[in-house]
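One structure is given here, and the rest of the page talks about it.
The values are calculated or read from the model by the stated rules, or taken from the named source; none is laboratory data. It should be emphasised that the depicted structure is a prediction, and the values quoted were computed from it without experimental measurement. All Cβ positions, glycine included, derive from the backbone under ideal geometry; neighbour counts span all protein chains shown. Keep in mind that these areas ignore ligands, DNA and RNA; they rest on the heavy atoms of the full protein, side chains included. Shrake-Rupley method; radii C 1.70, N 1.55, O 1.52, S 1.80 Å.
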Amino acid sequence: QVQLVESGGGLVQPGGSLRLSCAASGLTFSNYVMGWFRQAPGKERELVARISWRGGTTYYADSMKDRFTSSRDNAKNTVYLQMNSPKPEDRAIYSCEARRGSIGSPGRCEYWGQGTQVTVSS
């Protein structure tokens, strides 16, 4: 079965950093555009980042563009989200998902993980 498992969340101070990981299994990882989403209580789920098949192209939401970096290691079937200088408003559950297509025209979401909690201290 296909499984996406996020890890690396936890408590981080403003100005600190975290690296989230999403390990995939049961699929040909390099065939999928990967994405990161986040959702805070009472808020809509929002796109954080997308990364192309080989990792050569990335997309970030405006509020994350200068602070977050996504990368992937297809040999390890893992996609990462580096979070630098997180803000209190970055507190959310972060989840990854996989789509076919291309980063410019991604298909529907086919697989997703359950997420990892990120909490930013004041």
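Residue count for region 1-19 satisfying the condition of being not in a loop (DSSP other than H, G, I, E, B) and not polar (S, T, N, Q): 8. The residues of region 64-122 that are among the β-branched types (Val, Ile, Thr) and over 13 Å from ARG50 (Cα atoms), listed by number, are THR78, ILE93, THR116, VAL118, THR119, VAL120. Only residues that are in a strand (DSSP E or B) and loosely packed, with under 14 Cβ neighbours inside 10 Å: list them for region 20-40, please. Across region 20-40, the qualifying residue is only SER25.
Within the set SER17, SER122, the sole residue that is touching a helix residue (DSSP H, G or I) at 6+ places or on another chain (Cβ under 7 Å), of a type in the set (Ser, Thr, Tyr), open to solvent by 50 Å² or more (accessible area, probe 1.4 Å) and farther than 29 Å from GLN1 by Cβ turns out to be SER122.
Consider region 1-14 and keep the residues that are of a type in the set (Val, Ile, Thr) and surrounded by fewer than 17 Cβ atoms within 10 Å (Cβ to Cβ). The one that is farthest from the chain's Cα centre (by Cα) is VAL2.
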